[in-house]
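S.K.: Got a structure for you, questions after.
The values are calculated or read from the model by the stated rules, or taken from the named source; none is laboratory data. It should be emphasised that the depicted structure is a prediction, and the values quoted were computed from it without experimental measurement. Cβ placement follows ideal geometry from the backbone for every residue including glycine, while neighbour counts extend to all protein chains displayed.
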């Protein structure tokens, strides 16, 4: 039977064995080092985990502690011993961590913790553990770098990044440093609610609209995009553009709003300036278009004057001849009446005298009188033709020059082209230009007739200029209809358009005509007019053979028929 001392001894041995196994098989390095009162350092113990952690066996560490310190930077060694001294002096917990650099190029971040215990002789014994915190340290450093990068971005971003609540006051839980440049208030003032963003910074006239627009976006679960005014700390009013996204919880309820607000005051100023400039340009363009219209009107008046000159001269001459014949007939008729009156009064001699006057005239026979009558009728017929020509020219001028018509209406483009040709037809004769036409069966189109007439006149006039020096000048005008489009083609056999200027043809103020003969606005204005009709305007050209300008107008009903 075992005695009590034997049992105690056996139990102590078992505990010792358990402690030994814990120490020997622990994956964590356990150590003990002694620091004498003279600050001499000695490792007294290290478990086998030391080899895995430090690449030194426990025996090496105890025998050659300097090999451990060689793994540290000199600055780290100084920190290590300062931490030891501080723990000894304050009888406090020893806690130190830093990097170790191994000969094979690897690095480890080790944390040393121990509890100091002062011995009776004044030395201090440290028992503790050493942990490999490399992964944790790298993660911390990565997080710190990421946080620093984010801080740098937020500090340098032009505008304010925010995280806020979904309430009308727009309480901000976080704002970036850009808040101060944007609003004049520091980030702390906004985050501490010393100033309420939704009530004191957003312009009073915009507050309800901003709130309502955010709620609409939340309802549709769409991103927020707003433009509104801010009132800064100094009282300055700025325009802001806000982009934001609402974060919803698992129940679909809005939790917070994350967004970015930037200053667009300069953009708004430029937009206003651009609008003013655009208005000025539009007014200038309208003036230039009117000038071009007046130029077209001048051409038209010159053409009409030329065309009217012939029938006016013809009618004028015929009127003069008719007047002389009328005077002869009037004299003959007067003498006849006087002779008749004399016979009735019995004044035979006076009657004979008058009859003699009639006999001496060149209208002394019925045949002569009949011939005069026929020739006079021809005069009047000729005058009729001349007056009809003048009436047609005036009608053509009226049809062409409807410059006061601002409304769209249905029109026959063939008739518009004919009006233009009527006006400048004399130029074909003057320059001996052969004109051929092929008017297709085209539908009426909804358009601004006067504007299209201006286009046709310009194209025909340009074609005339293009063939002025061609040996056998020829211009062909045709119209057609295909797949919902009415096309007008004006073709000449001039010299064509050189490649180096083809891209500039529709540019404002570009002209190939001599100075004083062209403004360079004709084709540019034509292009604008065709665009206004939702049409197409282009050309086909071949150097040395000629050019064809093509106008295509959609044959669609822009004008809805009125209900009866």
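S.K.: Using beta carbons and a limit of 7 Å, which pairs, at least six apart or on different chains, have the first residue in the range 458-475 and closer than 15 Å to residue 425 by Cβ and the second one modelled with pLDDT of 90 or more and surrounded by fewer than 16 Cβ atoms within 10 Å (Cβ to Cβ)?
M.R.: Pairs found: 473/434.
S.K.: Let me ask something else about it. Quick check on residue 247: is it assigned to a strand (DSSP E or B), at pLDDT below 95 and surrounded by fewer than 17 Cβ atoms within 10 Å (Cβ to Cβ)?
M.R.: yes
S.K.: Taking into account only those residues within the range 41-79 that are part of a loop (DSSP other than H, G, I, E, B) and in contact with a strand residue (DSSP E or B) (Cβ under 8 Å, 6 or more places away or on another chain), which is surrounded by the fewest Cβ atoms within 10 Å (Cβ to Cβ)?
M.R.: 73
S.K.: Every residue in the range 80-134 that is exposed (fewer than 14 other Cβ atoms within 10 Å of the Cβ) and in a loop (DSSP other than H, G, I, E, B), please.
M.R.: Hits for the range 80-134 are 91, 92, 93, 102, 103, 104, 105, 106, 119, 120, 121, 122.
S.K.: Can you tell me how many residues within the range 215-244 are loosely packed, with under 13 Cβ neighbours inside 10 Å and in a loop (DSSP other than H, G, I, E, B)?
M.R.: Qualifying residue count, the range 215-244: 6.
S.K.: Exactly one of (1) out of contact with any helix residue (DSSP H, G or I) (no Cβ under 7 Å at 6 or more places or on another chain); (2) over 19 Å from residue 127 (Cα atoms) is unmet by residue 34. Its number?
M.R.: Of everything listed in (1) out of contact with any helix residue (DSSP H, G or I) (no Cβ under 7 Å at 6 or more places or on another chain); (2) over 19 Å from residue 127 (Cα atoms), residue 34 misses just condition (2).
S.K.: Next question. If you go through the range 521-546 one residue at a time, how many are part of a loop (DSSP other than H, G, I, E, B) and either touching a residue at least 60 places away in the same chain (Cβ under 8 Å) or not assigned by TED's automatic domain parsing to the domain that holds residue 448 (or both)?
M.R.: Residues flagged as part of a loop (DSSP other than H, G, I, E, B) and either touching a residue at least 60 places away in the same chain (Cβ under 8 Å) or not assigned by TED's automatic domain parsing to the domain that holds residue 448 (or both) within the range 521-546 amount to 2.
Condition check ((1) surrounded by 11 or more Cβ atoms within 10 Å (Cβ to Cβ); (2) touching a helix residue (DSSP H, G or I) at 6+ places or on another chain (Cβ under 9 Å); (3) in the same structural domain as residue 245 (by TED's automatic domain parsing)) across all residues:
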position: 141; (1), (2), (3): yes, no, no
position: 152; (1), (2), (3): no, no, no
position: 161; (1), (2), (3): yes, yes, yes
position: 166; (1), (2), (3): yes, yes, yes
position: 176; (1), (2), (3): yes, yes, yes
position: 180; (1), (2), (3): yes, yes, yes
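S.K.: Can you pull out every residue in the range 455-478 that is in contact with a helix residue (DSSP H, G or I) (Cβ under 6 Å, 6 or more places away or on another chain) and surrounded by fewer than 21 Cβ atoms within 10 Å (Cβ to Cβ)?
M.R.: 464, 473
S.K.: Let me ask something additional. Condition check: crowded, with 18+ Cβ neighbours inside 10 Å, modelled with pLDDT under 90 and either out of contact with any strand residue (DSSP E or B) (no Cβ under 9 Å at 6 or more places or on another chain) or over 30 Å from residue 52 (Cα atoms) (or both). Does residue 170 satisfy that? Please lay out each step first, then the result.
M.R.: On the way: crowded, with 18+ Cβ neighbours inside 10 Å: yes; modelled with pLDDT under 90: yes; either out of contact with any strand residue (DSSP E or B) (no Cβ under 9 Å at 6 or more places or on another chain) or over 30 Å from residue 52 (Cα atoms) (or both): yes.
It is true that residue 170 is crowded, with 18+ Cβ neighbours inside 10 Å, modelled with pLDDT under 90 and either out of contact with any strand residue (DSSP E or B) (no Cβ under 9 Å at 6 or more places or on another chain) or over 30 Å from residue 52 (Cα atoms) (or both).
S.K.: Against the condition in the same structural domain as residue 531 (by TED's automatic domain parsing) and either in contact with a strand residue (DSSP E or B) (Cβ under 8 Å, 6 or more places away or on another chain) or free of Cβ contacts under 8 Å to residues at least 24 places away in the same chain (or both), how does residue 442 come out, does it pass?
M.R.: So residue 442 passes the test.
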